[in-house]
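Enquirer: Sending over a structure as structure tokens; questions will come in a sec.
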Amino acid sequence: MSDPSVPPNLLGAYLKDRRSKLDPTAFGLTAERRRTPGLRREEVALRANISPTWYTWLEQGRGGAPSADVLDRIASALMLTEVEREHLFLLALGRPPEVRYRKDEGITPRLQRVLDALDPSPALVHTATWHIVGWNRAATILLTDYAALPPEERNVLRFIFLNPAVRDAQEDWEGVARFVVSVFRATTARAGAAVEVQPLVEELSRRSPEFARMWSDNDVSTHGGGVKRLRHPVLGPLALEYSAFAVDGRSDLNMIVYNPATPADAERIKTLLQAQPATSP
């Protein structure tokens, strides 16, 4: 009987379970003369570039707390999915892993259907580097026609600092611009994407003295929620309450939903959407 005063070795059990579910032949290894299914401990350790003894101790609950780098290597060695990798970090360190930057991969059809269902509230999905990779029809009509732009131009900072129409639509451009720069700095650093965004930062610094000034302030903040006030060319002044949400299973993506702040604004937006021909994002 186990000692109730000793906490269960959840990390070790999880590692052993994931290891046992791997097919040795998928890694060019023989499946013969194996007493148990899956990879051997030393094979996982070799793939993760760590000591077989230390990995064995880790499964046995004697290895101490591994570093995030070691956990990442073990996750790769075990071919873990994003959600499995997150679970590994929670078991080992009590926290999820840091956001990992990915090249823009777009969104799934299922997530696109979620965006479409949010009409008449504009909704966007952006990456850690603030590239827009998903939007609905309300966002196209009220914010920007993203589909009309090349993918590399669908970046929020480009809109704010280099697009006169977007700038004119902001009731408080200075406040919006400072906010976007501070969140951009925080999210790109958290995602480890400083190298990837450096060309964009340098370009914006050259083309926009205002961006260069705000970037040099080194301010950081989270997105959170608030009210966005716009001057729409057809509807006139609009107030939209915005909220930001993480996309489950995609730590590099965030969704922003803008809800009309008043029933009157909601009706005006619905009327405009009904008057516009429907197009696919």
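The values are calculated or read from the model by the stated rules, or taken from the named source; none is laboratory data. All values reported here derive from a predicted model rather than from experimental measurement. Don't worry about glycine lacking a Cβ; one is built from the backbone with ideal geometry, like all the others, and counts go over all protein chains shown. Keep in mind that these areas ignore ligands, DNA and RNA; they rest on the heavy atoms of the full protein, side chains included. Shrake-Rupley method; radii C 1.70, N 1.55, O 1.52, S 1.80 Å.
Enquirer: Of these, 11, 39, which one is over 20 Å from residue 192 (Cβ atoms), touching a residue at least 40 places away in the same chain (Cβ under 8 Å) and touching a helix residue (DSSP H, G or I) at 6+ places or on another chain (Cβ under 8 Å)?
Expert: Values: 39 fails: touching a residue at least 40 places away in the same chain (Cβ under 8 Å).
Checking each option against the conditions leaves just 11.
Per-residue answers, yes or no, for (1) of a type in the set (A, V, I, L, M); (2) under 20 Å from residue 215 (Cα atoms); (3) open to solvent by less than 30 Å² (accessible area, probe 1.4 Å); (4) in a helix (DSSP H, G or I):
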{"position": "138", "(1), (2), (3), (4)": "yes, no, yes, yes"}
{"position": "147", "(1), (2), (3), (4)": "yes, no, no, yes"}
{"position": "159", "(1), (2), (3), (4)": "no, yes, yes, yes"}
{"position": "167", "(1), (2), (3), (4)": "no, yes, no, yes"}
{"position": "174", "(1), (2), (3), (4)": "no, yes, no, yes"}
{"position": "177", "(1), (2), (3), (4)": "yes, yes, yes, yes"}
{"position": "181", "(1), (2), (3), (4)": "yes, yes, yes, yes"}
{"position": "185", "(1), (2), (3), (4)": "no, yes, no, yes"}
{"position": "189", "(1), (2), (3), (4)": "yes, yes, no, yes"}
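Enquirer: Looking only at residues that are of a type in the set (A, V, I, L, M) and not in a strand (DSSP E or B) in the range 256-272, which one is least open to solvent (accessible area, probe 1.4 Å)?
Expert: 269
Enquirer: Could you figure out which of (1) farther than 19 Å from residue 85 by Cβ; (2) open to solvent by 30 Å² or more (accessible area, probe 1.4 Å) isn't true of residue 24?
Expert: Here residue 24 clears every test but (2).
Enquirer: What tally of residues in the range 65-101 results from selecting those that are within 20 Å of residue 24 (Cα to Cα) and in contact (Cβ under 8 Å) with a residue 24 or more places away in the chain?
Expert: At the first step, the residues of the range 65-101 found to be within 20 Å of residue 24 (Cα to Cα) are 73-81, 84.
Among the residues that remain, those that are also in contact (Cβ under 8 Å) with a residue 24 or more places away in the chain are: 73-74, 76-80, 84.
Number satisfying all stated conditions: 8.
Enquirer: Name the residue, out of 178, 206, 213, that is closer than 21 Å to residue 229 by Cα and either charged (D, E, K, R) or at pLDDT 95 or above (or both).
Expert: 178
Enquirer: Determine which member of the set 194, 186 is touching a helix residue (DSSP H, G or I) at 6+ places or on another chain (Cβ under 7 Å) and small (Gly, Ala, Ser).
Expert: The conditions single out 194.
Listed here are the residues, each with its yes/no results for (1) more than 33 Å from the chain's Cα centre (by Cα); (2) over 26 Å from residue 250 (Cα atoms); (3) open to solvent by 70 Å² or more (accessible area, probe 1.4 Å).
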residue	(1), (2), (3)
17	no, no, no
30	yes, yes, yes
33	yes, yes, yes
50	no, yes, no
53	yes, yes, yes
64	no, yes, no
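Enquirer: Restricting to the range 228-253, give me the number of residues that are out of contact with any Phe, Trp or Tyr (no Cβ under 7 Å at 6 or more places or on another chain) and open to solvent by less than 80 Å² (accessible area, probe 1.4 Å).
Expert: 13
Enquirer: Ok, one more. Within the range 206-227, which residues are farther than 18 Å from residue 125 by Cβ and surrounded by 16 or more Cβ atoms within 10 Å (Cβ to Cβ)?
Expert: So the first thing to find is which residues in the range 206-227 are farther than 18 Å from residue 125 by Cβ, and the list is 206-221, 226-227.
Matches in the range 206-227: 208, 210, 211, 214, 215.
Enquirer: Another question, if that's okay. Answer with yes or no whether residue 58 is open to solvent by less than 40 Å² (accessible area, probe 1.4 Å), in contact (Cβ under 8 Å) with a residue 60 or more places away in the chain and aliphatic (A, V, I, L, M). Give the steps one after another, and end with the answer.
Expert: On the way: open to solvent by less than 40 Å² (accessible area, probe 1.4 Å): yes; in contact (Cβ under 8 Å) with a residue 60 or more places away in the chain: no; aliphatic (A, V, I, L, M): yes.
Spelling it out, it is not the case that residue 58 is open to solvent by less than 40 Å² (accessible area, probe 1.4 Å), in contact (Cβ under 8 Å) with a residue 60 or more places away in the chain and aliphatic (A, V, I, L, M).
Enquirer: Take the residues of the range 135-168 that are closer than 20 Å to residue 244 by Cβ and small (Gly, Ala, Ser): which is nearest to the chain's Cα centre (by Cα)?
Expert: Among those residues, the one meeting the criterion is 139.
Enquirer: Contact list please: Cβ distance under 8 Å, first residue in the range 151-172 and within 21 Å of residue 201 (Cβ to Cβ), second residue assigned to a helix (DSSP H, G or I) and open to solvent by 40 Å² or more (accessible area, probe 1.4 Å), pairs at least six apart or on different chains.
Expert: Listed pairs, sorted by first residue: 160/167; 161/167; 161/207; 161/210; 162/207.
Enquirer: Test residue 124 against the stated conditions and say whether it is assigned to a strand (DSSP E or B) and modelled with pLDDT of 85 or more. Break it down into steps so the answer makes sense when it comes.
Expert: On the way: assigned to a strand (DSSP E or B): yes; modelled with pLDDT of 85 or more: yes.
Spelling it out, residue 124 is indeed assigned to a strand (DSSP E or B) and modelled with pLDDT of 85 or more.
Enquirer: Assess whether residue 71 counts as being of a type outside the set (Gly, Ala, Ser), assigned to a loop (DSSP other than H, G, I, E, B) and open to solvent by less than 70 Å² (accessible area, probe 1.4 Å).
Expert: Against the criterion (of a type outside the set (Gly, Ala, Ser), assigned to a loop (DSSP other than H, G, I, E, B) and open to solvent by less than 70 Å² (accessible area, probe 1.4 Å)), residue 71 does not qualify.
Enquirer: Still on this structure, please answer the following. Which condition does residue 253 not pass, out of (1) more than 23 Å from residue 152 (Cβ to Cβ); (2) not in a loop (DSSP other than H, G, I, E, B), if it passes all the others?
Expert: Among (1) more than 23 Å from residue 152 (Cβ to Cβ); (2) not in a loop (DSSP other than H, G, I, E, B), residue 253 violates only (1).
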